[in-house]
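Report on the structure given below.
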Amino acid sequence: MEWIDDGIVLSRRRLGENDAVVALFTAGHGRHLGVVRGGAGRRHGGTLQPGNLVSATWRARLSEQLGTMTCELRESMAARLLDDPPRLEALSACLELLDGVLPERQPHPELHAATRALLGALEAPGHAASLVRWELGLLTALGFGLDLSACAVTGDAADLAHVSPRSGRAVSRAAGRPYAGRLLALPPFLLAGRSGDDVDAADIAAGLALTGHFIERHLLAPASRAMPPARVRLVDRATRAARLRGP
């Protein structure tokens with residue numbers, strides 16, 4: 001058995017003294033693991049950094065085996081973000097989520113394309129808003145998409161301000177007023193047609209809280225997994241920034 005595919009390095013875990021088990025998110029084979037011979041050594045360190053784009057060749061005698069993998073570096077994303085902690089945390093949060101929640105060997109071509117787009121967006125203005133939107137796409141790709149198109153109570157698409165934590169459907173400001181304490185905030189940049197280039201810290205914190213609620217409920221809790229540490233740090237950073245900005 002053999003395939004060749006482009007992939008994003010999600011993680012590298014030492015196997016024995018010199019080898020490593022590498023997890024890739026590939027375009028055609030989904031999240032796929034393989035043993036890289038010598039992958040724990042310095043020679044492969046630059047290639048196998050999480051976030052890097054690689055061309056991978058996977059081989060095994062039988063399809064169900066772990067198999068071996070060789071990787072050729074195409075683009076070094078991690079190195080470009082090393083001096084920017086907030087963007088590096090956003091990258092790590094994305095990769096750790098994918099590594100933790102994607103089913104193995106199930107292709108998700110649209111999610112892969114969205115993740116490639118996010119990697120580029122992390123170097124542009126509005127990177128935090130791009131991450132929140134990507135998390136909405138992650139939920140959709142895995143079957144738990146939110147309905148932010150119209151109010152669940154009235155059916156109107158105007159003045160949407162909340163999301164039901166149970167149904168994942170939007171609620172208008174007026175309809176949600178009596179229950180505001182029980183609803184999740186819906187930041188305007190997540191609505192269709194809105195830009196994420198000029199979003200304040202409070203909206204980012206609200207967006208991360210919104211997507212985080214459903215990621216924990218639908219993707220992490222059923223597998224008894226915790227929220228990735230990088231994302232927890234990202235939320236803490238956004239919350240502190242929102243408090244400093246004030247109302």
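The values are calculated or read from the model by the stated rules, or taken from the named source; none is laboratory data. Everything quoted here is computed from the prediction, not taken from an experiment. All Cβ positions, even for glycine, are placed from backbone atoms using ideal geometry, and neighbour counts span all protein chains on display.
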- Message: Can you pull out every residue in the stretch 22-35 that is in contact with a strand residue (DSSP E or B) (Cβ under 6 Å, 6 or more places away or on another chain) and either closer than 27 Å to Ala117 by Cβ or polar (S, T, N, Q) (or both)?
- Response: Val22, Ala23, Leu24, Phe25, Thr26, Ala27, Gly28, His29, Arg31, His32, Leu33, Gly34
- Message: I'd like the full set of residues that are in contact with a Ser or Thr (Cβ under 7 Å, 6 or more places away or on another chain) and under 17 Å from Ala117 (Cα atoms), limited to the stretch 36-82.
- Response: Pro50, Asn52, Val54, Arg74
- Message: Quick check on my filter: what residues within the stretch 119-143 are hydroxyl-bearing (Ser, Thr, Tyr) and surrounded by 18 or more Cβ atoms within 10 Å (Cβ to Cβ)?
- Response: Ser130
- Note on the structure: How many residues of the stretch 143-173 are within 24 Å of Leu111 (Cβ to Cβ) and not in a loop (DSSP other than H, G, I, E, B)? The answer is 4
- Task: Working carefully through the options Arg116, Arg31, find the one that is in the same structural domain as Arg14 (by TED's automatic domain parsing), within 30 Å of Pro165 (Cα to Cα) and surrounded by 14 or more Cβ atoms within 10 Å (Cβ to Cβ).
- Result: Arg31
- Checklist (1) aromatic (Phe, Trp, Tyr); (2) under 15 Å from Ile215 (Cβ atoms); (3) at pLDDT below 95 applied to Phe144, failing item: (3)
- Message: Within the stretch 182-190, does at least one residue satisfy the condition of being outside any strand (DSSP E or B), on the phi < 0 side of the Ramachandran plot and over 22 Å from the mean Cα position of the chain (by Cα)?
- Response: yes
- Looking at (1) without any contact (Cβ under 8 Å) to a residue 24 or more places away in the chain; (2) surrounded by 17 or more Cβ atoms within 10 Å (Cβ to Cβ); (3) not charged (D, E, K, R), which is the one condition that is false for Leu146? (1)
- Query: What about Ala209, is it outside the structural domain of Ala238 (by TED's automatic domain parsing) and of a type outside the set (Lys, Arg)?
  - Reply: no
- Task: Could you tell me which residue of the stretch 79-92 is surrounded by the most Cβ atoms within 10 Å (Cβ to Cβ), considering only residues that are part of a helix (DSSP H, G or I) and more than 15 Å from the chain's Cα centre (by Cα)?
- Result: Leu81
- Qualifying residues in the stretch 11-21 (those that are within 18 Å of Pro228 (Cβ to Cβ) and of a type outside the set (S, T, N, Q)) - the one surrounded by the fewest Cβ atoms within 10 Å (Cβ to Cβ): Arg13
- Please list, ordered by first then second residue, the pairs with beta carbon atoms under 6 Å, 6 or more apart or interchain, first in the stretch 220-237 and outside any loop (DSSP other than H, G, I, E, B), second among the aliphatic types (A, V, I, L, M). Ala230/Ala93; Arg231/Ala93; Leu234/Ala93; Val235/Leu208
